Structures are given as C-alpha cells and as structure tokens.
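To start, the structure itself, in structure tokens.
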Amino acid sequence: PTDSVKSVDIFVVRVDGRIADVDDASADQNVATEDQAKNDGWKTLATPNASIDLLSLQNGVTSTLGEVKLDAASYEGFRLVIDATKSGVTLKNGQTLTGTSSPSVTFPSASRSGIKINLAAPVVVNAQGTTTMVVDFDVGNSFVMRGNSLSQNGLLFKPVIRASVK
C-alpha cells in the first residue's frame, strides 16, 4: 500500500530504554505516564514530543530523537511511545488517515506499551563514551491494508524495525 502514500507522520512522545535486570513481564506493562514507566523497569531517555515523517528519512537521511547523558548500563530493549492522535498517514491523493478518520489508520498499542525496538544483543552504554543507535523503520512492510482498498478501508500499523548501534 505504500505506493499510494505521500507521508507517514509519527508523533514521538518519548524514547524509553529497558535496563538489563528487568524481567520481560514487568517491562511490557502499559506506559500511561513517565512515572509508571520508571516503575515498570523503563527509563525515559528522551522526550522529543515531535512529529517525524518516516518517508523523509531515506537514503541516509536521519533525524535525532534526543541526546542525553546516561548512567553506564546495559539496555535490553528500547521503545518509542507515540501519540496516536497526532500521528497519521497522508496519501498521494491528499487524503489523510488518522485514528479518527474514515477510513483510518490504527496504531495498536503504540501509545500504550510503545513501539518495541528489539535488539540482537544488549546495548552497553559506557560512562565516558558516546553511543549512537540508528532505528530504521521498514515503512513498506510496517502497514497492512485492511480490506481491498486503502482509500476505503484504511491501514493497520505493524512496525517492522531494525536497530543498529554506531
């Protein structure tokens, strides 16, 4: 369906990291507030509160979600908490799909438990070093068309993400 898509705007509220000593069950809890995230084993790393057009980030173009000094730790995973009410998909015909439009785009759990960024191995952050993580959304495979027609039935967001540490 991405042949018909002009832009994919995701409003990122915050970026959380999960410290290595937290079990998966605790880490998968809802993320209604930043304070709750702390209690569930997640640490807020950045609060960009910004809209990012994922389609504008291609061919080496990147966007910074935040820079922060972190305590030395090993992170098992990361997540992007988005505001689904401020996120949407604009089609090439000018039609915008949001969570409340008809047709719509649905972002299941992205604003509750976040968009998970799973890692092949923990990311170790050293006290004196710099760690850069690049998150790559495979937009072409991150949306599923509901029904036979994008402009009539809308989309379901099922993020396909790769992450690398530089």
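The values are calculated or read from the model by the stated rules, or taken from the named source; none is laboratory data. These numbers come from a predicted model, not from an experiment. Quick reminder, even Gly has a Cβ in these numbers, built from the backbone with ideal geometry, and neighbours come from all protein chains shown. Note: areas computed on protein heavy atoms with side chains; ligands, DNA, RNA excluded. Shrake-Rupley method; radii C 1.70, N 1.55, O 1.52, S 1.80 Å.
Counting only helical runs of four or more DSSP H residues, what would the 222 nm mean residue ellipticity of the chain come to if each run contributes -39,500 (n - 2.57) and the total is spread over all its residues?
-1500 deg cm²/dmol
Convex hull over the Cα atoms of the range 48-130, averaged projected area in nm²?
Working: hull surface 29.7 nm².
Mean projected area for the range 48-130: 7.4 nm², to one decimal.
MET133's amide H: which non-local residues (gap 5+, or another chain) put their own amide H closer than 5 Å, with H modeled 1.01 Å from N in plane and none for Pro or chain starts?
LYS166
What figure in square angstrom, to the nearest 10, would you give for the accessible area of LEU119 with a 1.4 Å probe?
Using a 1.4 Å probe on the heavy atoms, I get roughly 40 Å².
Please report, in cubic angstrom per residue, the volume enclosed by the convex hull of the alpha-carbon atoms of the chain.
Values: hull volume 18.9 nm³, N = 166.
Once divided by residue count, the hull of the chain is 114 Å³.
Mind jotting down the distance between the C-alpha centroids of the range 138-162 and the range 116-136, whole Å?
28 Å
Arrange the peptides 124-130, 48-54, 158-164, 101-107 so that the one whose residues have, on average, the most other Cβ atoms within 10 Å appears first.
The densest-packed peptide leads the list: 101-107, 48-54, 158-164, 124-130.
Averaging sequence separations of C-alpha pairs under 8 Å and six or more residues apart, then dividing by the length of the range 82-163, give the relative contact order as a whole percent.
Numbers: 117 pairs, mean separation 24.9, N = 82.
For the range 82-163, the relative contact order is 30 percent.
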